[in-house]
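Quick notes on the structure that follows.
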Amino acid sequence: MLWALSKSLGSQEGFDEVKACMTSPLAKFVAWGLFSALLYHLVAGIRHLVMDMGVGETLEGGKLGSKIVIAVSAVLIVLAGVWIW
C-alpha cells in the first residue's frame, strides 16, 4: 500500500497505473483485509481508552466490552467491504 501511495503521488502515469491495478479483485481483497485490521484495531483502541477512564474494568464489563468491540468492528468491516467493492 505504501508503494501504491508513493507511485500514485509521483506522476499522473503512476496514478493511472495504480488506479488500474486497484480494479482487480485480488487488490480489492488485500485493501479490504488491511482496512479491516485497521478498523478492528481502532475500535479496540477506543475500548482501551474508555477502560482507562475507569469504565468496564470488571470481569463482566470486560466481557461486555469485548462483545461490543467485535460487533462494532463487524459492522464497520462490512461497510468497508461495501465501500471498497
Could you grab me the full set of residues in segment 8-17 that are surrounded by 14 or more Cβ atoms within 10 Å (Cβ to Cβ) and over 20 Å from GLY33 (Cβ atoms)? GLY14, PHE15, GLU17
What's the number of the only condition in (1) part of a helix (DSSP H, G or I); (2) at pLDDT below 95; (3) of a type in the set (Gly, Ala, Ser) that ALA80 fails to meet? (2)
Subset tally (residues that are among the hydrophobic types (A, V, I, L, M, F, W, C) and either within 13 Å of LEU76 (Cβ to Cβ) or touching a strand residue (DSSP E or B) at 6+ places or on another chain (Cβ under 9 Å) (or both)) for segment 1-47: 9
So ALA20 clears everything in (1) surrounded by 11 or more Cβ atoms within 10 Å (Cβ to Cβ); (2) outside any loop (DSSP other than H, G, I, E, B); (3) without any contact (Cβ under 8 Å) to a residue 12 or more places away in the chain; (4) of a type outside the set (Val, Ile, Thr) except one condition, right? Which one? (1)
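So if I check each of ALA27, ALA44, which one is closer than 16 Å to ILE70 by Cα and without any contact (Cβ under 8 Å) to a residue 60 or more places away in the chain? Working first, answer last.
Details: ALA27 fails: closer than 16 Å to ILE70 by Cα.
The unique qualifying residue is ALA44.
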Taking segment 33-72, which residues are among the small types (Gly, Ala, Ser) and either surrounded by fewer than 13 Cβ atoms within 10 Å (Cβ to Cβ) or in a helix (DSSP H, G or I) (or both)? GLY33, SER36, ALA37, ALA44, GLY45, GLY54, GLY61, GLY62, GLY65, SER66, ALA71
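The values are calculated or read from the model by the stated rules, or taken from the named source; none is laboratory data. A quick note: this is a predicted structure, and the numbers were derived from the prediction, not measured. So basically every Cβ, Gly included, is an ideal-geometry build from the backbone, and we count neighbours across all protein chains shown.
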